[in-house]
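A.B. asks: Take this structure first; my questions come after.
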Amino acid sequence: MLLSTCNSCSRPAKTVEQKAMSFLQHCNKLHHLYQLHAFIIKTSLDCNKFIIAKFLRRFFSSSSTSSEALPYTRLLFDSIPYPDTFIWNTMIRAYLDAHNPRESISLFFQMQLQLRIPVDSFSLSLVVQACGRSHDTWNGFRVHTQILKLGFSSDLFVQTALIEMYSKFGDMVIARKILDEMNEPDLVSYNVLLSEYVKAGEIELARHLFDNMPNKDLVSWNTMIHGYAAHGSVASARKLFDACIQRDLVSWSSMISAYAKSRQSNEALRLFHDMQLAKVMPDGITMVSVLSACGDIGALGMGKMVHEYIERSGIKIDVKLGTSLVDMYAKCGDIDNSLVVFSKMDVKDVLTWSSMIMGLANHGLGEVALDYFLKMTEEGINPNDITFVGVLTACSHVGLISKGWAFFTSMNDVYGVTPKLEHYGCMVDILGRAGHLQDARELIKSMPFAPDAIVWRTLLSACRVHKNVELAEEAILNLMELEPDDDGNYVLLSNIYAQAKMWSNVVNVRRMMRSRSIIKVPGSSSIEVDNTVHEFIAGDKSHPKSKEIYEMLAEMHDRLVHVGYKPLTSTVLQDLNDQAKEEVLSHHSEKLAIAFGLLNTVPGSPIRIVKNLRVCEDCHLAIKLASAIYDRKIIVRDRNRFHHFVEGSCSCGDFW
């Protein structure tokens with residue numbers, strides 16, 4: 001096999017050494033290297049230290065895993081009678097590349113015990129890197145002392161390694177001092193310190209260094225773009241991105257990721273389109289960010305196009321990318337395709353399973369979600385805290401109180417996962433949905449954390465369903481401390497008072513909102529049609545098809561009234577008469593989006609809506625009736641969960 005490969009080379013091997021080197025160039029599998037080792041021994045080349053060093057390096061960097069290659073490499077190294085500095089350095093570097101820096105350090109000091117073997121600048125730079133990566137300050141200082149004694153303090157490679165080491169020790173002052181004392185620091189030295197500043201969160205120091213660098217390359221620009229993006233300064237990242245004349249895959253991916261993580265999803269998708277126009281080929285990392293953006297805004301059509309692009313371009317769907325596809329489809333309301341992608345994945349990790357379980361739970365398929373949890377544990381995957389949020393959400397959405405408690409107690413007892421605030425919040429939701437409001441309140445009191453706004457809002461929602469005014473007032477008092485400007489909390493309390501016919505209290509809530517200058521956040525709803533996302537806000541008349549939309553709204557209203565719909569005017573907090581309140585309700589953003597969907601999608605096809613706020617009671621009632629009137633499945637994702645409206649019913653069971 002090796003001989004035939006060698007014979008195919010453009011230049012024939014004329015000596016045994018040349019033949020061995022030619023074999024070495026074409027070895028890419030472990031069994032090839034075993035054959036080559038036999039050839040080296042047979043031809044007495046095991047005394048040629050240059051070839052042995054090259055062989056050791058190639059052996060470890062082959063396609064085999066380090067766990068297979070490294071022990072064999074060490075045996076070869078130990079069999080060499082008098083390894084020279086080059087071979088020692090090769091072995092030290094092998095351990096460093098294998099993420100075993102402590103063994104690199106140990107080997108370096110063994111090397112020094114061999115008095116005939118002098119260390120060189122490469123030996124020192126390698127061990128300095130090893131000390132930094134293992135955060136071994138004691139040996140780091142020892143080696144630095146040796147560097148000074150041996151006269152290597154002015155060596156460029158050693159100085160650059162020292163910059164990295166002290167940065168990893170958290171001593172950025174010393175790292176900068178070393179750079180400033182270098183006679184002629186090169187671009188690599190500057191880039192190392194720049195990168196370490198970014199990793200340490202010293203973004204202002206990084207920018208100062210960047211602005212004063214004598215030269216910059218693409219690595220410098222990408223480091224700063226990534227640094228700003230990672231620290232939430234998306235606008236600053238974009239300014240640098242636009243100023244960068246030459247952009248590569250890393251530049252584009254960093255900027256797209258920044259937009260996706262900051263939930264500027266439309267910008268992320270626009271930039272991905274620009275990336276394609278620039279003919280820069282994306283990789284799996286890019287596509288993870290793009291899929292995240294699609295999922296955030298519920299752009300199912302765009303998500304499907306991205307999925308097709310991935311398959312057409314031959315981008316490998318690894319665990320991370322596969323998990324992103326599962327998550328995207330679930331967040332876009334297409335749980336069936338999410339399940340299909342999941343089933344096709346050969347390798348699944350805990351995040352994959354957790355994403356699938358959470359997706360099923362949010363779609364109201366709690367029993368199925370729990371089945372997947374069982375399958376996950378049967379396959380030997382240990383659940384983590386994210387998994388249990390999905391499991392408890394599943395129990396909550398289908399009202400499994402006893403199972404919920406069992407899973408909650410098993411977290412620590414069985415799986416060694418300490419419950420966090422969000423897990424307690426799920427339990428409050430489970431108890432609240434079942435009407436066990438006092439138990440939910442007692443759980444909040446006994447929590448080892450201070451309850452956050454989500455926990456109190458969960459209790460408040462349960463009070464609305466079960467008409468418990470007293471507990472609702474306690475919840476709202478706590479919410480006003482945590483979120484004094486959130487209008488949604490006041491709306492919920494007002495609705496509770498209205499249900500109890502406590503009209504004077506409803507008026508008081510309105511006055512409180514006015515006195516505190518609480519402005520209701522406008523509801524916005526989006527719908528994707530023909531791969532374009534259309535967004536509406538309440539009372540919106542800016543859409544080019546606004547006339548047709550409002551005509552459809554009027555038709556919808558008439559047909560809804562015909563089947564018994566009565567607008568829930570008590571949910572409107574403005575001081576208006578009932579007729580004006582009905583008009584406000586009829587122009588809610590989700591109704592506008594549904595009217596647009598009815599006009600622009602095929603009859604009988606699903607309508608998918610993404611809402612930025614909780615769906616109000618009136619819209620929830622209207623959409624239930626509309627799903628039956630128009631024979632459409634209407635899927636609405638609000639800030640709490642998915643609502644699948646089918647034939648006049650909702651998957652949430654009127655609890656959300």
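A.B. asks: Please specify each residue of the stretch 268-301 satisfying the condition of being under 11 Å from residue 329 (Cα atoms) and not hydroxyl-bearing (Ser, Thr, Tyr).
C.D. replies: 291, 294, 295, 296, 298, 299, 300, 301
A.B. asks: Has the stretch 418-433 got at least one residue that is part of a helix (DSSP H, G or I) and over 30 Å from residue 352 (Cα atoms)?
C.D. replies: No, there is no match, as no residue in the stretch 418-433 is part of a helix (DSSP H, G or I) and over 30 Å from residue 352 (Cα atoms).
A.B. asks: Select from the stretch 434-461 the residues that are aliphatic (A, V, I, L, M), part of a helix (DSSP H, G or I) and within 18 Å of residue 486 (Cβ to Cβ) and list them in ascending order.
C.D. replies: Hits for the stretch 434-461 are 453, 454, 455, 459, 460.
A.B. asks: If you check residue 178 against the conditions, is it modelled with pLDDT of 95 or more, more than 23 Å from residue 219 (Cα to Cα) and among the β-branched types (Val, Ile, Thr)?
C.D. replies: The answer is no for residue 178.
A.B. asks: Now, a different point. Report, by residue number, each residue of the stretch 372-430 that is of a type in the set (Asp, Glu) and within 25 Å of residue 343 (Cα to Cα).
C.D. replies: Correct list: 378, 379, 385.
A.B. asks: Something else: When the stretch 317-333 is examined, which residues are found to be part of a loop (DSSP other than H, G, I, E, B), touching a residue at least 60 places away in the same chain (Cβ under 8 Å) and either surrounded by fewer than 19 Cβ atoms within 10 Å (Cβ to Cβ) or not hydrophobic (A, V, I, L, M, F, W, C) (or both)?
C.D. replies: 333
A.B. asks: A further question follows. Between residues in the stretch 129-142 that are surrounded by 20 or more Cβ atoms within 10 Å (Cβ to Cβ) and residues that are of a type in the set (S, T, N, Q) and at pLDDT 95 or above, which pairs lie under 6 Å by C-beta distance while being six or more apart or on different chains?
C.D. replies: 130/104; 131/139
A.B. asks: Got at least one residue in the stretch 153-162 being part of a helix (DSSP H, G or I), crowded, with 19+ Cβ neighbours inside 10 Å, hydrophobic (A, V, I, L, M, F, W, C) and in contact with a Gly (Cβ under 9 Å, 6 or more places away or on another chain)?
C.D. replies: Yes - at least one qualifying residue is present in the stretch 153-162.
A.B. asks: Restricting attention to the stretch 88-104, which residues are surrounded by 23 or more Cβ atoms within 10 Å (Cβ to Cβ) and aliphatic (A, V, I, L, M)?
C.D. replies: 91, 92, 94
A.B. asks: Inspect all residues belonging to the stretch 275-295 and state whether any of them is buried (at least 19 other Cβ atoms within 10 Å of the Cβ), among the small types (Gly, Ala, Ser) and either without any contact (Cβ under 8 Å) to a residue 12 or more places away in the chain or out of contact with any Phe, Trp or Tyr (no Cβ under 9 Å at 6 or more places or on another chain) (or both).
C.D. replies: Yes, the stretch 275-295 contains a residue that is buried (at least 19 other Cβ atoms within 10 Å of the Cβ), among the small types (Gly, Ala, Ser) and either without any contact (Cβ under 8 Å) to a residue 12 or more places away in the chain or out of contact with any Phe, Trp or Tyr (no Cβ under 9 Å at 6 or more places or on another chain) (or both).
A.B. asks: Restricting attention to the stretch 211-262, which residues are part of a helix (DSSP H, G or I) and of a type in the set (Lys, Arg)?
C.D. replies: Correct list: 238, 239, 261.
A.B. asks: Please enumerate the residues belonging to the stretch 221-249 that are at pLDDT below 95, surrounded by 15 or more Cβ atoms within 10 Å (Cβ to Cβ) and aliphatic (A, V, I, L, M).
C.D. replies: 229, 230
A.B. asks: Which one of these does residue 299 not meet: (1) surrounded by fewer than 22 Cβ atoms within 10 Å (Cβ to Cβ); (2) touching a residue at least 40 places away in the same chain (Cβ under 8 Å); (3) of a type in the set (Gly, Ala, Ser)?
C.D. replies: It fails just one condition, (1).
A.B. asks: Sort through 586, 504 and tell me the only one that's modelled with pLDDT under 95, small (Gly, Ala, Ser) and not assigned by TED's automatic domain parsing to the domain that holds residue 627.
C.D. replies: After applying the criteria, what remains is 504.
A.B. asks: Where residues in the stretch 369-417 are part of a loop (DSSP other than H, G, I, E, B) and among the aliphatic types (A, V, I, L, M), which of them is surrounded by the fewest Cβ atoms within 10 Å (Cβ to Cβ)?
C.D. replies: Checking each candidate, the answer is 414.
A.B. asks: Residue 311 - would you say it is of a type in the set (D, E, K, R), in a helix (DSSP H, G or I) and in contact (Cβ under 8 Å) with a residue 24 or more places away in the chain?
C.D. replies: no
A.B. asks: Out of 109, 169, 122, which single residue is touching a helix residue (DSSP H, G or I) at 6+ places or on another chain (Cβ under 7 Å), surrounded by fewer than 22 Cβ atoms within 10 Å (Cβ to Cβ) and more than 18 Å from residue 197 (Cβ to Cβ)?
C.D. replies: Answer to the selection: 122.
A.B. asks: I'm trying to understand the selection: among the residues of the stretch 622-636, which are surrounded by fewer than 19 Cβ atoms within 10 Å (Cβ to Cβ) and on the phi < 0 side of the Ramachandran plot?
C.D. replies: Scanning the stretch 622-636 gives 628, 629, 630, 633.
The values are calculated or read from the model by the stated rules, or taken from the named source; none is laboratory data. These numbers were taken from a predicted model, which means no experiment stands behind them. Because the Cβ atoms are built from the backbone with ideal geometry, glycine has one as well, and the counts that use them run over all protein chains shown.
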